[in-house]
Ligand code: ZN
Ligand code: MN
Ligand code: MN
């Protein structure tokens, strides 16, 4: 069976995220361990950390995933933003270690004004620095982007360039299906999916893939629009997801939904849609 879960809120305390994941029947889940739209965060008390990790262990859910907040920009040409970003990165990696969270997902930032090469040296320094300041086993997962202007990580070549410089066993990849499609990587048919995965394997290596952000796309192929849609109701569509969920490699990678919640469907609805499509391919 596929492993699928959703992004859950930490409102009321970090450990409440585990309760929500259990309540919604998640096999795995993702959180923001701090306010995703702010810079500041308070330290977690040892009690908070213990409450979370005890509940996580008791739940049997694996893996729990932490996502970096939105403001840090690891490729920023501005020193103040850059150094603050690296500080958030290392403190999140350390925090994950304490919480028993094996993966931290990060976006690769934006190189506004300085171009890809300078952005590349910033982000690789940031990743190396973050890893060396957190002496644990937590893996940093680099997430592909929708390929909007100035963003790092819209192409497999970009990500490969980062991996080549960083060279660490603690770095892996999170592929977001919506971002892939929006960046121009077609995954909406069996043939297109195979071609895209071959390209991923050629540049990056399938063994690096640790997590899928499983989202349909409101935007068309190559639109560079980062707009998530319910599974099967967007431009990747039913056929696309049936193929993704039947794929022998992909179906064994943990999946986290970052889909909308609206009148058409909620989180549980998307979990069920994924499980239903995945089980159809088993019959
Ligand atoms: Zn993300
Ligand atoms: Mn994502
Ligand atoms: Mn997105």
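The values are calculated or read from the model by the stated rules, or taken from the named source; none is laboratory data. These numbers come from a predicted model, not from an experiment. Every residue, glycine as well, gets a Cβ built from its backbone with ideal geometry; the counts of neighbours run over all protein chains shown.
How many residues are within 16 Å of ligand 1 (Cβ to nearest atom) and either in a loop (DSSP other than H, G, I, E, B) or within 17 Å of residue 37 (Cβ to Cβ) (or both) if we restrict to segment 90-124?
Adding up the residues that qualify gives 8.
Using beta carbons and a limit of 7 Å, which pairs, at least six apart or on different chains, have the first residue in segment 79-92 and under 13 Å from residue 129 (Cα atoms) and the second one surrounded by fewer than 21 Cβ atoms within 10 Å (Cβ to Cβ) and modelled with pLDDT under 95?
That search, which allows pairs on different chains as well, returns 84/39.
When residue 22 is evaluated against the numbered criteria (1) closer than 20 Å to residue 91 by Cα; (2) part of a helix (DSSP H, G or I), which criterion, by number, is the only one it fails?
(1)
Report yes if residue 115 is surrounded by fewer than 20 Cβ atoms within 10 Å (Cβ to Cβ), at pLDDT below 95, at positive phi and out of contact with any helix residue (DSSP H, G or I) (no Cβ under 7 Å at 6 or more places or on another chain), otherwise no. Break it down into steps so the answer makes sense when it comes.
On the way: surrounded by fewer than 20 Cβ atoms within 10 Å (Cβ to Cβ): yes; at pLDDT below 95: yes; at positive phi: yes; out of contact with any helix residue (DSSP H, G or I) (no Cβ under 7 Å at 6 or more places or on another chain): yes.
The answer is yes for residue 115.
For segment 36-56, indicate whether the set of residues that are touching a helix residue (DSSP H, G or I) at 6+ places or on another chain (Cβ under 6 Å), without any contact (Cβ under 8 Å) to a residue 40 or more places away in the chain and crowded, with 19+ Cβ neighbours inside 10 Å is non-empty.
Scanning segment 36-56 turns up no residue that is touching a helix residue (DSSP H, G or I) at 6+ places or on another chain (Cβ under 6 Å), without any contact (Cβ under 8 Å) to a residue 40 or more places away in the chain and crowded, with 19+ Cβ neighbours inside 10 Å.
For segment 145-162, give me each residue that is within 14 Å of residue 123 (Cα to Cα) and touching a helix residue (DSSP H, G or I) at 6+ places or on another chain (Cβ under 7 Å).
Listed by number, the residues that qualify are 152, 153, 160, 161, 162.
Which ones in segment 244-267 are over 25 Å from residue 210 (Cβ atoms) and either in contact (Cβ under 8 Å) with a residue 60 or more places away in the chain or away from ligand 3 (no atom under 16 Å from the Cβ) (or both)? Walk me through it before giving the result.
Within segment 244-267, the subset over 25 Å from residue 210 (Cβ atoms) is 261-266.
Scanning segment 244-267 gives 262, 263, 264, 265, 266.
Can you confirm whether residue 190 is more than 16 Å from ligand 3 (Cβ to nearest atom) and in contact (Cβ under 8 Å) with a residue 24 or more places away in the chain?
Working: more than 16 Å from ligand 3 (Cβ to nearest atom): yes; in contact (Cβ under 8 Å) with a residue 24 or more places away in the chain: yes.
Answer is yes for this residue.
Has segment 130-137 got any residue that is crowded, with 19+ Cβ neighbours inside 10 Å, modelled with pLDDT of 95 or more and in contact with a strand residue (DSSP E or B) (Cβ under 8 Å, 6 or more places away or on another chain)? Reasoning before the result, please.
Of the residues in segment 130-137, the ones crowded, with 19+ Cβ neighbours inside 10 Å are 130-131, 134.
Remaining after also requiring modelled with pLDDT of 95 or more: 130-131, 134.
Subset that is in contact with a strand residue (DSSP E or B) (Cβ under 8 Å, 6 or more places away or on another chain): 130-131.
Looking for residues that are crowded, with 19+ Cβ neighbours inside 10 Å, modelled with pLDDT of 95 or more and in contact with a strand residue (DSSP E or B) (Cβ under 8 Å, 6 or more places away or on another chain), one finds at least one in segment 130-137, hence yes.
Among the helices (runs of 4 or more DSSP H) contained in segment 155-248, which hold 1 or more residues that are at pLDDT 95 or above and surrounded by fewer than 20 Cβ atoms within 10 Å (Cβ to Cβ)? Lay out the reasoning, then the answer.
Working: elements: 156-166, 177-182, 190-203, 237-246.
By residue number, 156-166, 190-203, 237-246.
Is one or more of the residues making up segment 133-154 over 18 Å from residue 36 (Cβ atoms), within 17 Å of the chain's Cα centre (by Cα) and part of a helix (DSSP H, G or I)?
Looking through segment 133-154, none of the residues is over 18 Å from residue 36 (Cβ atoms), within 17 Å of the chain's Cα centre (by Cα) and part of a helix (DSSP H, G or I).
Residues being crowded, with 18+ Cβ neighbours inside 10 Å and more than 21 Å from residue 5 (Cα to Cα): count how many of those fall in segment 57-80.
Pass one, segment 57-80, residues crowded, with 18+ Cβ neighbours inside 10 Å: 61, 63-69, 72-76.
Filter again for more than 21 Å from residue 5 (Cα to Cα), leaving 72-76.
So the count comes out to 5.
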